[in-house]
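Visitor: Once you've had a glance at the structure underneath, I'll fire off some questions.
The values are calculated or read from the model by the stated rules, or taken from the named source; none is laboratory data. Nothing here was measured: the structure is a model prediction, and the numbers come from that model. Cβ: placed from backbone, ideal geometry, glycine included. Neighbour counts: every protein chain shown. Surface accessibility is based on the protein's heavy atoms, side chains included, excluding ligands, DNA and RNA. Shrake-Rupley method; radii C 1.70, N 1.55, O 1.52, S 1.80 Å.
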Amino acid sequence: MHGLINRAIQCFYRDTYGALAWGEVVRQLDLDFSDFEPMLHYDSALTHRMVDEMAAALGKEREAVLEDVGTYLISNPEVEAPRRLLRFGGVTFLDFLHSLDDLPDRARLAVEDLELPLLELRDHGANQFSLLCSGDLMGFGHVLVGVLRAMADDYGALVFLEHTGVFHGAEVIEITLIEAAFAEGRSFELGVARAEGQ
Amino acid sequence: MGPNCDMLDMFCPMHLTLDRAGHIAHVGPTLAKLRPDQVLVGQRFLEVFELRRPRSVEAMADLMAHAGTKLNLRFRDGQQTGLVGVLVAPPDFGGGAVINLSFGISVVDAVGDYALTGADFAATDLTIEMLYLVEAKSAAMEASRKLNLRLQGAKIAAEEQAFTDTLTGLKNRRAMDHVLSRAASGGGRFALVHLDLDFFKAVNDTKGHAAGDHVLQEVARILVEETRTEDTVARVGGDEFVLLMSGRMNRKRLARISERLVERLEKPIVFGEDTCQISASIGIVLSEDYAEPDIAQMQDDADFALYASKHRGRACHTFYDLSLRNAAFAGAAPPSSRGDNTTN
């Protein structure tokens, strides 16, 4: 697993529940380090154990934890980079939705060895979409639900999102775009100071 | 203006058109955004923009002569953002021209200076992708930079915490301090042997540091060979070594070991064409001579005994005894003149 992903999950937990809580996860996982390095790779099993550990500590479903990770990545002011990089995907939420097909390629452009699941947006008309997410990162769909929800807010769009499970090896997210310009949204200027690393 | 301008606004939102006299007739929406407080239409193009390359373009006719070539220009007043452009004079344009502009390499600053958004660029323009890349790469680079800093810090910390003397592979002083304090608190008996090479400085001075390093490595090999695996051998200074011999050691055995060590160390060491000749002086203390083994005291005493060996003419060993100090007081050479900190 790419360290960026582990690091993101770590930062989510630490920033949301505090350094002590994160220290407890480190102890439970018996890690011989306390911080994931975003530019290194780790055993994928460790990532899953980490999420399980967090879910147990919080008394939540792991799906809920993953969705919270997605929301955190976009809406936490400490982490500007993912929101900004995703906003480059399009001027409107609809453009953004259509840019998701390119997301794995965009991610690879930024970080060569970062492999994200394949994403495919299907447009059913009448503002109904399905996002298919397939790859080794089972559960990534839940992170995406959090990301999409936060990005909709960011664009000021009103959407209905539902993770409907796994079909033929792909996680499916049903998206209903109720109103593209529901609220003001956050402004996105291309030239704001470079995003800080996490 | 006509439908052509609508099309151009869409395709080239930073274009402008000039009439045959060189006045600005129409400005694309993004270009207009760069000078929100000015009405550009109606102004002379060459009064608004300064042509930096090609130079000496002063009239519309000069400008038209450069149709199809790359123009470098900038605004004359306000934020002097650099621009690149190209001029086309379509035959049906009544002697006027279309100039399409772009930011060129100044785009990263320009989008910030003018608060531009994705909607300000044509859908086919790769500027947004480029800005994405700049930002993504900066974030990735920053993460790499931080990782490098952390790794560098970890390397320094690891070196500081190292227990090995890199030249000889023996333990270093830090390691010996740990072993000694464990031995002292462990309650078992042990002997502490301080060994200082004789004539080593001469080897270093006359045959060079490479020869000196080789000699130290050979010495280390001999010390390891002449001790048991449960003993600890450390290089604690340039040519100073400490041996911790654990278990019940009597003076007779220690004397035999010391003699063998001196004998072996005195054998000439070959280094390339050179032959290096050294010897060693040794001072020994036994833990059983102390009611309560005090490491600092034992090291000090071993050092004192070592100095006595030096004083006796080197290439020998001395067991520490209180009488050594008495003798020193009685007028023998004062041993405290050793300028190092072996006792620490």
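Visitor: Could you tell me the accessible area of B:ARG256 in Å² (1.4 Å probe, neighbours in place), rounded to the nearest ten?
Guide: Taking all protein chains as shown, B:ARG256 has close to 140 Å².
Visitor: Rolling a 1.4 angstrom probe over the protein chains, ignoring ligands and nucleic acids, what is the accessible area of A:PHE33 in square angstrom, nearest 10?
Guide: Accessible surface of A:PHE33 is approximately 60 Å².
Visitor: Would you compute, from DSSP H runs of 4+ residues alone, the mean residue ellipticity of chain B at 222 nm, taking -39500 (n - 2.57) per run and dividing by the full residue count, rounded to the nearest 500?
Guide: When only DSSP H runs of four or more count, the value is -13000 deg cm²/dmol.
Visitor: Right, next: Would you mind pulling out the separation of the Cα centroids of the stretch A:101-172 and the stretch B:277-324, in Å?
Guide: Cα centres, the stretch A:101-172 to the stretch B:277-324: 76 Å.
Visitor: Arrange the residues B:LYS252, B:LYS267 by how much accessible surface each exposes, largest first, with a 1.4 angstrom probe.
Guide: Numbers: B:LYS252 155, B:LYS267 120 Å².
Heavy-atom accessible area, descending, gives B:LYS252, B:LYS267.
Visitor: Still on this structure, please answer the following. Ignoring any ligand, DNA or RNA, what whole percent of the accessible area of the stretch A:1-90 comes from carbon and sulfur when the probe is 1.4 angstrom?
Guide: On the way: 2060 of 3940 Å².
Looking at the stretch A:1-90 in its full context, I get 52 percent from C and S.
Visitor: On a straight-distance basis, which lysines could pair with B:LYS201 in a cross-link, Cα separation under 20 angstrom, same-chain partners fewer than 8 positions away excluded?
Guide: Correct list for B:LYS201: B:LYS267, B:LYS310.
Visitor: Can you sort A:ASP30, B:ASP6 by solvent-accessible area, 1.4 Å probe, largest first?
Guide: Details: A:ASP30 130, B:ASP6 105 Å².
So, going from the largest accessible area down, we get A:ASP30, B:ASP6.
Visitor: Given a 1.4 Å probe and heavy atoms of the protein chains only, how would you sort B:ASP300, B:ASP294, largest accessible area at the top?
Guide: B:ASP294, B:ASP300
Visitor: Report, as an integer, the average count of C-beta atoms from other chains found within 10 Å of each Cβ along B:128-136.
Guide: 6
Visitor: When only DSSP loop residues count, what trypsin sites (Lys or Arg not before Pro) in the stretch B:71-170 have their Cβ near at most 16 other Cβ atoms within 10 Å?
Guide: B:ARG76
Visitor: Also, quick follow-up: What residues in the stretch A:83-126 lose 40 Å² or more of accessible surface when the other protein chains are added to their chain alone (1.4 Å probe)?
Guide: A:LEU85, A:PHE88, A:VAL91, A:ARG106, A:LEU109, A:ALA110
Visitor: Hey, if you put +1 on the Cβ of every Lys and Arg and -1 on every Asp and Glu Cβ in the protein assembly as shown, which of A:MET54, B:GLY118, A:GLY125 ends up farthest toward the positive end of that dipole?
Guide: Going by the charge dipole, the pick is A:MET54.
Visitor: Any idea what the relative contact order of chain A is, in percent, if you count C-alpha pairs under 8 Å spaced at least 6 apart?
Guide: Relative CO of chain A lands at 18 percent.
Visitor: Which FRET efficiency, nearest 0.05, do A:ASP43 and B:ASN72 yield, Cβ-Cβ r, R0 30 Å?
Guide: Efficiency computed from Cβ-Cβ geometry: 0.05.
Visitor: Among A:VAL166, A:LEU114, A:PHE93, which residue has its Cα furthest toward the positive end of the charge dipole of chain A, with +1 on Lys/Arg Cβ and -1 on Asp/Glu Cβ?
Guide: Sorting the options by dipole projection puts first A:PHE93.
Visitor: May I pose another question? Per the helix-only calculation at 222 nm, which mean residue ellipticity applies to chain A, given -39500 (n - 2.57) for every DSSP H run of n ≥ 4 and division by its residues, nearest 500 deg cm²/dmol?
Guide: Dividing the helical sum by the residues of chain A leaves -14500 deg cm²/dmol.
Visitor: From the cross-link list B:LYS33/B:LYS70; B:LYS70/B:LYS137; B:LYS146/B:LYS171, which pairs have alpha carbons spaced over 27 Å apart?
Guide: Details: B:LYS33/B:LYS70 23 Å; B:LYS70/B:LYS137 29 Å; B:LYS146/B:LYS171 33 Å.
Those over the limit are B:LYS70/B:LYS137; B:LYS146/B:LYS171.
Visitor: Could you pull out the longest piece of chain B with no exposed loop GluC sites (Glu not before Pro) in it, calling a site exposed if DSSP puts it outside H, G, I, E, B and it has at most 12 other Cβ atoms within 10 Å?
Guide: B:59-229
Visitor: How big is the dipole moment of the protein assembly as shown about its Cα centre under a simple scheme where the beta carbon of each Lys and Arg is +1, that of each Asp and Glu is -1, and everything else is neutral? Debye, nearest 20, please.
Guide: 2040 debye
Visitor: Here is a further query. Need one value: the accessible area of B:THR164 in square angstrom, 1.4 angstrom probe, rounded to the nearest 10.
Guide: 80 Å²
Visitor: Chain pair B, A: how much accessible area is buried, both chains summed, with a 1.4 Å probe, in Å² to 100?
Guide: 2200 Å²
Visitor: Mind checking the dipole of the stretch B:1-108: about its Cα centre, +1 per Lys or Arg Cβ, -1 per Asp or Glu Cβ, Debye to the nearest 20?
Guide: Details: 10 positive and 10 negative charges, 77 e Å.
Approximately 360 debye in magnitude.
Visitor: Test of understanding: what is the full-extension gain from B:ALA123 to B:ARG253, defined as 0.36 nm times their sequence separation minus their Cα-Cα distance?
Guide: Working it through step by step, the gained length comes to 37.8 nm.
Visitor: Where the only charges are on Cβ atoms (+1 Lys, Arg; -1 Asp, Glu), what is the dipole of the stretch B:86-231 about its Cα centre, to the nearest 20 debye?
Guide: Dipole of the stretch B:86-231, to the nearest 20 debye: 720 debye.
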